[in-house]
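S.K.: First the structure, which I've put down as structure tokens, then a few questions once you've had a look.
The values are calculated or read from the model by the stated rules, or taken from the named source; none is laboratory data. These numbers come from a predicted model, not from an experiment. Backbone-built Cβ (ideal geometry, glycine too); neighbour counts: all protein chains shown.
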Amino acid sequence: MRTELEPHDIEAIAQRVLELLAPMIAQAGKGRENDPILDVNELASYLKVESSWIYKRVQLNEIPYIKAGKYIRFRKSAIDKYLEKKSVRAAC
């Protein structure tokens, strides 16, 4: 049995599939490519602190970092999570 669809029916099906997939496609797009890797100077600039402060936090294992050989790198999303945990809520 063969069924033929009209072009407008095919277009309606395609639009519905797109509507259903749009949230999943958007979520997949929020992967690592939107999560920059920062070096010490970039992180210091981002946090508005001295690079020595960054090195001290790394030495004390206080901030999340990536060790790539002799290089220290930071994933921005991990730093943002760290900052959120360190946030002090205002007492009302």
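S.K.: If you take the residues in segment 36-92 that are among the small types (Gly, Ala, Ser), on the phi < 0 side of the Ramachandran plot and free of Cβ contacts under 8 Å to residues at least 12 places away in the same chain, which one is surrounded by the most Cβ atoms within 10 Å (Cβ to Cβ)? It would help to see each step written out before you state the result.
M.R.: Step one: filter segment 36-92 for residues among the small types (Gly, Ala, Ser), giving 44-45, 51-52, 68-69, 77-78, 87, 90-91.
If we keep only those that are on the phi < 0 side of the Ramachandran plot too, we end up with 44-45, 51-52, 68, 77-78, 87, 90-91.
Still in the list and also free of Cβ contacts under 8 Å to residues at least 12 places away in the same chain: 44-45, 51-52, 68, 87, 90-91.
Numbers: Ala44: 17, Ser45: 12, Ser51: 14, Ser52: 10, Ala68: 9, Ser87: 7, Ala90: 5, Ala91: 4.
Within segment 36-92, the match that is surrounded by the most Cβ atoms within 10 Å (Cβ to Cβ) is Ala44.
S.K.: Please list, ordered by residue number, the helices (runs of 4 or more DSSP H) wholly in segment 1-75 having 3 or more residues that are under 23 Å from Lys86 (Cβ atoms), at pLDDT 95 or above and of a type outside the set (Phe, Trp, Tyr). Break it down stepwise before answering.
M.R.: Numbers: elements: 7-28, 40-47, 51-59.
It comes to 40-47, 51-59.
S.K.: Within segment 21-35, does at least one residue satisfy the condition of being exposed (fewer than 13 other Cβ atoms within 10 Å of the Cβ) and in contact (Cβ under 8 Å) with a residue 40 or more places away in the chain? I'd like the intermediate steps shown before the answer.
M.R.: Taking segment 21-35 and keeping what is exposed (fewer than 13 other Cβ atoms within 10 Å of the Cβ), we get 21-35.
Right, trim to in contact (Cβ under 8 Å) with a residue 40 or more places away in the chain and you get 35.
Yes - at least one qualifying residue is present in segment 21-35.
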